[in-house]
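Here's the structure we're looking at; comments come further down.
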Amino acid sequence: MSVSKLESLPNEILVDIFEKYLNGVDIIKAFDFQLNRRFDALVAQCERLRFDFVRCHKDDFHFCIGLFPAYIDKIEELALSEQNTPGQIHAFLSFYPSFATFKRLRKLYFHVNVEAVQPALAYNALRSLSNTALDTLSIKIIKIQDLYRSDNAIVEIFSMKTLKKLTIACDGYKMNWNVLNGGSSNIEYLTIRNISCQSQDLTYIFRCASGLKYLDIDLSFDTLFRNYQSESSSKHPLTRMSMLHTAIFNIYGNDQTTHSQLEPYFQCMPSLHRLEIKLYGRLSDFSVWETLLQTSLPSLAYFTLEMTTVYLTDSNMSSILESIQSPF
Amino acid sequence: MNRYRYRSNEPVAQWWIAPQRKLNNNLSVTNRILRLHLCIESLFFLQNHYFDNVTHLVVGELNGNFFESIIKHVNCLRIKYLDVSSMKEENSKISSLLPYTRNITYLRINLNQLSHQQFAYLKECSGIKCLDISASQHRFDRNNIFVIANMFPNLEHLIINTGDLRDVPILQTYLPRLRSLTFPPGISIFSDGYEEKLFDHNLREKSQFLFQRETNSITVWIDQAALQDSYWRKGKTTTSSSSERATNRSWLTKTIEKLSSLFK
């Protein structure tokens with residue numbers, strides 16, 4: 001059997017491969033004005049491209065950035081990161097300070113260390129996101145506190161009209177979630193990592209993004225905030241999250257009333273199908289969770305509970321294991 | 001549920017899954033565990049389980065039985081990250097594990113654990129993109145770079161632990177695909193934020209390249225200009241001990257001899 005060469009494939013298949021499967025960095029490096037006129041024409045014929053610069057070679061990055069003006073209206077996906085490539089974001093933003101330039105951009109992965117770029121440059125880039133038509137945004141911001149009005153930058157991201165999927169991660173940022181109050185978001189899939197969020201902050205998130213279908217969030221439960229929460233909850237009635245089908249809560253803190261604090265939120269999730277709870281503090285009696293799930297979440301089909309055993313002795317470990325073995 | 005560890009680098013010593021759903025071979029299969037840190041004490045809990053989806057494996061020590069247990073109870077083909085740097089055993093034990101983990105892209109190993117026995121395997125296993133030899137201090141001279149480049153020709157990220165950086169520029173010749181280099185800052189602990197900022201400032205004064213400093217490391221995005229930076233010529237940050245140098249030298253001489261014989 002003779003071996004098929006890439007060049008023997010028809011144009012339509014090659015364009016399909018370029019558009020859907022190959023990284024734009026590799027296409028430019030390997031084909032564009034490197035091979036022959038046929039391939040140059042095929043690359044020019046592509047209507048959408050994706051560029052993944054994560055951990056890329058510095059020479060490739062600069063080569064592609066130099067040729068970007070020719071492709072700027074074709075780029076649908078873009079991934080930029082400073083992980084192992086310090087200076088990449090600064091270099092990119094020096095050439096393209098606004099993401100609004102990328103008219104067809106739909107997916108963006110953006111990992112920035114504010115300390116390594118000029119804060120104003122980073123802030124303007126984040127603000128420019130609201131002038132794009134992104135539907136998926138994954139953003140990791142280190143030292144976000146160095147940004148002027150960092151909370152507002154996050155609010156503007158939440159308010160993007162076209163955005164359906166958002167993953168946002170920081171390095172232990174203390175966010176004032178009530179700035180979301182009065183805002184409106186179309187986000188359906190939301191993941192929040194390493195941004196402090198007390199249980200009562202869920203009220204603001206639910207009110208802002210009432211169409212959520214998927215929520216994965218780090219929550220802190222602290223006895224100090226418990227009283228404040230009950231006051232806050234009475235002031236702001238909870239929004240019914242009728243679309244929410246999956247919730248993942250990573251729970252920190254040793255408050256033994258975690259389950260009862262979550263109860264009103266569970267009652268606002270009538271369609272919740274899958275619930276995952278990861279407990280990083282003390283586990284209260286497992287039976288209270290059992291009762292809570294049975295009474296508050298009628299549609300629940302999958303439940304996962306992960307917990308640390310730091311606070312357990314061997315004897316109560318075995319009793320907990322026994323209680324989990326129940327057919328519930 | 002695992003016995004949660006007080007320190008992140010402690011191996012797993014106890015393990016439970018509730019409820020247990022066993023297969024015909026009496027093994028309870030789990031695909032939710034992605035990261036495992038194993039040592040001799042882990043042997044007991046491995047017995048009843050099969051870890052189908054482990055992508056990160058850290059192995060502390062390895063004896064004959066333990067090695068067989070890993071092969072039997074962990075799907076080694078899924079492993080992308082392998083750390084054998086804390087193994088004290090001789091090279092042959094590591095060599096016997098490596099062929100089962102042929103899809104790894106990240107290897108953490110001591111430089112003196114790399115041997116001619118692994119050469120054939122590693123040469124085939126061109127998927128390794130990141131090599132971390134920073135677990136203990138080592139020399140980083142032309143000969144070491146030659147050995148690394150022969151074993152890992154497609155290396156893109158290299159993490160080293162040396163105070164002598166004078167031979168860094170020759171990476172351009174031996175590892176042309178290298179994208180980043182991580183090395184220690186030469187200062188073990190910064191007393192405060194001011195000292196950190198001062199260190200960064202001084203490094204910026206001494207070099208032209210951009211860098212990213214973590215607590216114990218500095219990472220540089222590599223290109224021709226970064227490798228030709230004058231910083232490397234004066235970049236002796238710490239001095240390795242004489243015994244360490246002697247150990248490294250004897251290992252290196254043996255390995256180069258073996259490699260030369262393989263080429264013949």
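For the subset of segment A:67-90 comprising residues that are of a type in the set (A, V, I, L, M) and surrounded by fewer than 20 Cβ atoms within 10 Å (Cβ to Cβ), which member is nearest to the other protein chains (Cβ to nearest Cβ)? Show your work before the answer.
Here is the first cut: in segment A:67-90, the residues of a type in the set (A, V, I, L, M) are A:67, A:70, A:72, A:75, A:78-80, A:89.
Of the ones still in play, those that are also surrounded by fewer than 20 Cβ atoms within 10 Å (Cβ to Cβ) are A:67, A:70, A:72, A:79.
On the way: A:Leu67: 17, A:Ala70: 23, A:Ile72: 23, A:Ala79: 15 Å.
Only one residue fits best here, namely A:Ala79.
For segment A:56-63, the criterion of a residue being in a loop (DSSP other than H, G, I, E, B) and without any contact (Cβ under 8 Å) to a residue 24 or more places away in the chain is satisfied by at least one position.
Of the residues making up segment B:153-162, just one is in contact (Cβ under 8 Å) with a residue 40 or more places away in the chain and away from chain A (no Cβ under 14 Å), namely B:Thr162. The set of residues in segment B:185-207 that are in a loop (DSSP other than H, G, I, E, B) and modelled with pLDDT of 85 or more comprises B:Pro185, B:Ser207.
Do you know which of the residues in segment A:169-184 that are touching a helix residue (DSSP H, G or I) at 6+ places or on another chain (Cβ under 7 Å) and buried (at least 17 other Cβ atoms within 10 Å of the Cβ) is farthest from A:Ile217 (Cα to Cα)? Don't jump to the end; show me each part of the working.
First, pick out the residues of segment A:169-184 that are touching a helix residue (DSSP H, G or I) at 6+ places or on another chain (Cβ under 7 Å): A:170, A:173, A:175-181, A:183-184.
This time we only want the ones that are buried (at least 17 other Cβ atoms within 10 Å of the Cβ), so: A:170, A:173, A:175, A:177, A:180.
Values: A:Cys170: 12, A:Tyr173: 14, A:Met175: 13, A:Trp177: 13, A:Leu180: 16 Å.
This residue is A:Leu180.
Hey, could you check segment A:163-194 for residues that are basic (Lys, Arg) and modelled with pLDDT of 90 or more and say which is nearest to A:Leu147 (Cα to Cα)?
As a first pass, look at segment A:163-194 and keep what is basic (Lys, Arg): A:164-165, A:174, A:193.
Narrowing the set further to residues that are modelled with pLDDT of 90 or more leaves A:164-165, A:193.
Numbers: A:Lys164: 25, A:Lys165: 23, A:Arg193: 18 Å.
That would be A:Arg193.
Restricting attention to segment B:132-162, which residues are in a loop (DSSP other than H, G, I, E, B) and within 21 Å of B:Gln228 (Cβ to Cβ)? Passing the criteria: B:Phe140, B:Asp141, B:Leu155, B:Glu156, B:Ile160, B:Thr162. Of the residues screened, A:Cys197 is one that is closer than 30 Å to A:Asn113 by Cβ and at pLDDT below 90. Of the residues making up segment A:91-101, those that are among the hydrophobic types (A, V, I, L, M, F, W, C) and either more than 22 Å from A:Lys58 (Cα to Cα) or within 12 Å of another protein chain (Cβ to nearest Cβ) (or both) are A:Ala91, A:Ala100. Within the bounds of segment A:52-64, is there any residue that is among the charged types (D, E, K, R) and modelled with pLDDT of 95 or more? There is at least one residue in segment A:52-64 that is among the charged types (D, E, K, R) and modelled with pLDDT of 95 or more.
Condition (residue is acidic (Asp, Glu), surrounded by fewer than 20 Cβ atoms within 10 Å (Cβ to Cβ), within 13 Å of the chain's Cα centre (by Cα) and not in a loop (DSSP other than H, G, I, E, B)) applied to segment A:202-216: is it met by at least one residue? Working first, answer last.
Step one: of segment A:202-216, the residues acidic (Asp, Glu) are A:216.
Adding the requirement that they be surrounded by fewer than 20 Cβ atoms within 10 Å (Cβ to Cβ) leaves A:216.
In the following step, the residues that additionally are within 13 Å of the chain's Cα centre (by Cα) were identified as A:216.
After this cut, where a residue has to be not in a loop (DSSP other than H, G, I, E, B) as well, the list is A:216.
Scanning segment A:202-216 turns up at least one residue that is acidic (Asp, Glu), surrounded by fewer than 20 Cβ atoms within 10 Å (Cβ to Cβ), within 13 Å of the chain's Cα centre (by Cα) and not in a loop (DSSP other than H, G, I, E, B).
When the residues of segment A:277-328 are filtered to those that are touching a Lys or Arg at 6+ places or on another chain (Cβ under 6 Å) and not in a loop (DSSP other than H, G, I, E, B), the one that is modelled with the lowest pLDDT is A:Glu306.
Can you confirm whether A:Glu47 is closer than 29 Å to A:Thr85 by Cβ and either not in a helix (DSSP H, G or I) or not basic (Lys, Arg) (or both)?
Values: closer than 29 Å to A:Thr85 by Cβ: yes; either not in a helix (DSSP H, G or I) or not basic (Lys, Arg) (or both): yes.
In short, yes.
For segment A:4-14, indicate whether the set of residues that are surrounded by 15 or more Cβ atoms within 10 Å (Cβ to Cβ) and part of a helix (DSSP H, G or I) is non-empty. Yes. Looking across segment B:210-226 at every residue that is crowded, with 22+ Cβ neighbours inside 10 Å and either out of contact with any Pro (no Cβ under 8 Å at 6 or more places or on another chain) or more than 9 Å from every other protein chain (Cβ to nearest Cβ) (or both), the one that is nearest to A:Val54 (Cα to Cα) is identified as B:Ile222. In this entry, A:Phe18 passes the filter for residues that are more than 14 Å from chain B (Cβ to nearest Cβ) and either surrounded by 14 or more Cβ atoms within 10 Å (Cβ to Cβ) or under 18 Å from A:Ser138 (Cα atoms) (or both).
Does segment B:187-195 contain at least one residue that is loosely packed, with under 15 Cβ neighbours inside 10 Å, farther than 30 Å from B:Asn150 by Cβ and within 12 Å of another protein chain (Cβ to nearest Cβ)? Spell out how you get there, then give the answer.
Taking segment B:187-195 as the starting set, the residues that turn out to be loosely packed, with under 15 Cβ neighbours inside 10 Å are B:187-189, B:191-195.
After this cut, where a residue has to be farther than 30 Å from B:Asn150 by Cβ as well, the list is B:187-189, B:191-195.
After this cut, where a residue has to be within 12 Å of another protein chain (Cβ to nearest Cβ) as well, the list is B:193.
Yes, segment B:187-195 contains at least one residue that is loosely packed, with under 15 Cβ neighbours inside 10 Å, farther than 30 Å from B:Asn150 by Cβ and within 12 Å of another protein chain (Cβ to nearest Cβ).
Exactly one residue among A:Ala70, A:Ala79 is out of contact with any Asp or Glu (no Cβ under 6 Å at 6 or more places or on another chain) and among the small types (Gly, Ala, Ser), and that residue is A:Ala70. What's the total number of residues in segment A:263-276 that are part of a strand (DSSP E or B) and out of contact with any Phe, Trp or Tyr (no Cβ under 7 Å at 6 or more places or on another chain)? The qualifying residues number 1. Within segment A:21-45, count every residue that is surrounded by 14 or more Cβ atoms within 10 Å (Cβ to Cβ) and among the polar types (S, T, N, Q). Counting residues in segment A:21-45 that are surrounded by 14 or more Cβ atoms within 10 Å (Cβ to Cβ) and among the polar types (S, T, N, Q) gives 1.
Each row is one residue, and each column tells you yes or no for (1) polar (S, T, N, Q); (2) in contact with a helix residue (DSSP H, G or I) (Cβ under 7 Å, 6 or more places away or on another chain); (3) under 21 Å from A:Ala70 (Cβ atoms).
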residue: A:Leu6; (1), (2), (3): no, no, no
residue: A:Ile13; (1), (2), (3): no, no, no
residue: A:Lys20; (1), (2), (3): no, no, yes
residue: A:Val25; (1), (2), (3): no, yes, yes
residue: A:Ala30; (1), (2), (3): no, no, yes
residue: A:Arg38; (1), (2), (3): no, no, yes
residue: A:Ala41; (1), (2), (3): no, no, yes
residue: A:Ala44; (1), (2), (3): no, no, yes
residue: A:Leu49; (1), (2), (3): no, yes, yes
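If the condition is being in contact (Cβ under 8 Å) with a residue 40 or more places away in the chain, of a type outside the set (Asp, Glu) and not in a loop (DSSP other than H, G, I, E, B), then segment B:163-182 contributes B:Val168, B:Pro169, B:Leu171, B:Gln172, B:Ser180, B:Leu181, B:Thr182.
The values are calculated or read from the model by the stated rules, or taken from the named source; none is laboratory data. Please read these numbers as outputs of a predicted model, since none were measured by experiment. We place every Cβ from the backbone using ideal geometry, glycine too, and count neighbours over all the protein chains shown.
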